[in-house]
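Take a look at the structure set out below.
Every number in this text was worked out from the coordinates using simple rules, so none of it is lab data. Because the structure is a prediction, the values reported are computed rather than measured. Heads up, the Cβs are rebuilt from the backbone with ideal geometry, glycines too, and the neighbour counts pull from every protein chain shown.
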Amino acid sequence: MAPTGQLSSLRRTTTDICVALPALREIDLFIGGYGNNITKPAETTATQFVVIEDISCSPWLNGNVQIRINTTDYFQNPDVTNMYGIPGMASPYPRGAASTLAGTTDQLLKSFDLYPDVYVLPGQTWQILYTTRDGATAGAGTAQVVSAFVKYTLYDGPDALIANKLLELGVTINPNNVDWYKRSLIEQQVAAASAGASA
Amino acid sequence: MSMRSQIYEWDSADYGAAVALPAPGRSVSIFVGGFGNNITKPAETTATEFVVVEDIAITPSASSGATAAASEYRGLLAGTTTIGLAGPRAYVQVRINTTDYFLDPDNVPNDGIPGAGSPYPRSVNFQPSFNLYPDVYVLPGQVWDVLTVYYSATGCGDGAGNSDSGDYRAFVKYTLYDGPDALIANKLLEMGISINPGNVDWYKRSLLSA
């Protein structure tokens, strides 16, 4: 959705209306030029680490959602060719949405869980790409609004260093394991201090 | 990215409209079957890949009790009234090389999991009764396939042999282990430990701590 006469905007307004989307075009949620956008591509600095934990989109209009890290798409076909990503039918947003805009037939549940999570390492650019195979129309009586959703955790500063360390160790990066690593560092320091005092 | 969660969704109409369905009772590959969206070659693992198939699902069916053919029951097309069923009466099977995974108790390959047991898409109306556990392993160098079949022509698509997008779909969820993680997956298989991202991580940690 965007203000009248525009395809995208940086701020939501109370007068936003539905905008049309082309079919079969991958649209970046962040800077794709449709709907609510942000000011620059999503990227991690040298002291940041992002873990993408869930993606979903509207199930109607054959919507799909894909993750791209730098120039590499995460989801691929078994023959290693490109695909549009997770169908909204498999990961609906919101959960419980109907499979059609009419909203009369069903209430979808998720068939797909993003596990393992997707890691965006320091210095990488990442995109969430939405594609509708059918296209979406706009206008009075023909408005077809779609939406997409991404859930991620941002680790910054020391926690990003720990996240990198966990990655080296092959340990899953989540807040619990970051805390576990901090606790183990503190226990090592305490043990070293007490050993030094007793020597 | 040596462990990656992947999916493949198949639509019998290739996300279009009014496409002829395969003949009822005919088993069709969702990858290279010649109907719906396909890929360029059969799905196979290289020497450095390991695939774990974690879920398969297909368009559901339901007993409808409809008194008129072509009426709708929970979003499904009711077949002829003598069938008493809405939906395609579809099944989905996994094949590794030339071996079908799901067998009858007499060891004869069957059609696989019914859509009523593992529906796609899942909804409040259609929830899974079947969970693919333990997972299905595709070892390095193997060819794998997912096969679909339906039996109720009057409950599928327009009831006259044609389907639109969404009338008849299948879904497979798998995890692709590549490179070192595929080697670890093989090691876990030798050890008799379930292959999942958690256990692969555990094995890496145990190597580091040794």
Exercise. Taking H placed 1.01 Å from N in the peptide plane, check which residues at least 5 places from B:Asn125 or on another chain put their amide H under 5 Å from its amide H.
Key: A:Gln107
Practice problem: Any chance you could give the angle, 0 to 90 degrees and rounded to 10, that helix B:180-191 forms with the longest Cα principal axis of chain B? | Solution: 90
Quiz item: What's the FRET efficiency of A:Ala46 with B:Phe102 using the Cβ-Cβ distance as r and R₀ = 56 Å, to the nearest 0.05?
Solution: 0.65
Quiz item: Comparing B:Ala18, B:Ala57, B:Ala90, which has the greatest mean-square fluctuation in the GNM of chain B with Cα pairs linked when under 10 Å apart?
Solution: B:Ala18
Quiz item: Helix B:197-209 versus the longest principal axis of chain B: what is the Cα-based angle in degrees, 0 to 90, to the nearest 10?
Solution: 0
Self-check item: 12 Å beta-carbon shell around A:Val118, net charge (K/R +1, D/E -1)
Solution: -1
Quiz item: What is the distance in Å between the Cα centres of segment A:1-67 and segment B:1-80?
Solution: 29
Practice problem: Kindly list the residues of segment B:164-184 that lie in the label zone of B:Val32, defined by a backbone N under 14 Å from the point 7 Å along the Cα-to-C-beta vector. | Solution: none
Quiz prompt | Inter-label distance for A:Ser8 and A:Thr137, nm, one decimal - labels placed 7 Å from Cα along Cα-to-Cβ | solution = 2.5
Self-check item: Modelled label reach - B:Ala18, point 7 Å along Cα→Cβ, segment B:154-170 residues with backbone N closer than 17 Å
Solution: B:157-167
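What ranking do B:Asp164, B:Asp111 get, fewest neighbouring Cβ atoms within 10 angstrom at the top? Write down the numbers at each step before the final one.
On the way: B:Asp164 16, B:Asp111 20.
Sorted ascending by nearby Cβ count, the order is B:Asp164, B:Asp111.
May I ask you to compute the full-extension gain from B:Asn131 to B:Glu190, defined as 0.36 nm times their residue separation minus their alpha-carbon distance, rounded to one decimal in nm?
18.8 nm
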Exercise. Give, rounded to the nearest 20 debye, the magnitude of the charge dipole that segment B:1-110 has about its Cα centre when Lys and Arg contribute +1 at Cβ and Asp and Glu contribute -1 at Cβ.
Key: 220
Quiz item: Which far-off residues, 5 or more places away or on another chain, put their amide H under 5 Å from the one on B:Leu21, with H placed in the peptide plane?
Solution: B:Asn162, B:Ser163
Self-check item: Taking B:Cys156, A:Cys18, A:Cys57 and counting other C-beta atoms within 10 Å, the order from fewest to most
Solution: A:Cys18, B:Cys156, A:Cys57
Quiz item: Once the piece of chain linking A:Gln107 and A:Lys165 is laid out straight, how much longer is it, given 0.36 nm per residue of separation minus the C-alpha distance between them?
Solution: 16.7 nm
Quiz prompt | Nearest 10 degrees, 0 to 90: helix A:175-198 Cα axis against chain A principal axis | solution = 10
Practice problem: Only helical DSSP H runs with n ≥ 4 go in: add -39500 (n - 2.57) per run for the protein assembly as shown, normalise by residue count and round the 222 nm mean residue ellipticity to 500 deg cm²/dmol. | Solution: -5000 deg cm²/dmol
Quiz item: Top mean-square fluctuation among A:Gly141, A:Gly63, A:Gly35, Gaussian network model of chain A, C-alpha springs under 10 Å?
Solution: A:Gly141
Exercise. For segment A:114-128, take each phi angle, set θ = phi - 60°, evaluate the Karplus expression 6.51 cos²θ - 1.76 cosθ + 1.60, and give the result in whole Hz per residue in order, putting x for glycine and proline.
Key: 6, 9, x, 5, 9, 9, 10, 6, x, x, 9, 9, 9, 9, 10
Quiz item: When a footprinting reagent is the concern and you count Cβ atoms within 10 Å, what order do A:Phe112, A:Phe149 take, fewest first?
Solution: A:Phe149, A:Phe112
Quiz prompt | Cα-Cα over 32 Å, subset of A:Lys40/B:Lys41; A:Lys165/B:Lys187; A:Lys151/A:Lys182; A:Lys40/B:Lys204; A:Lys182/B:Lys173; A:Lys151/B:Lys173 | solution = A:Lys40/B:Lys41; A:Lys40/B:Lys204; A:Lys182/B:Lys173
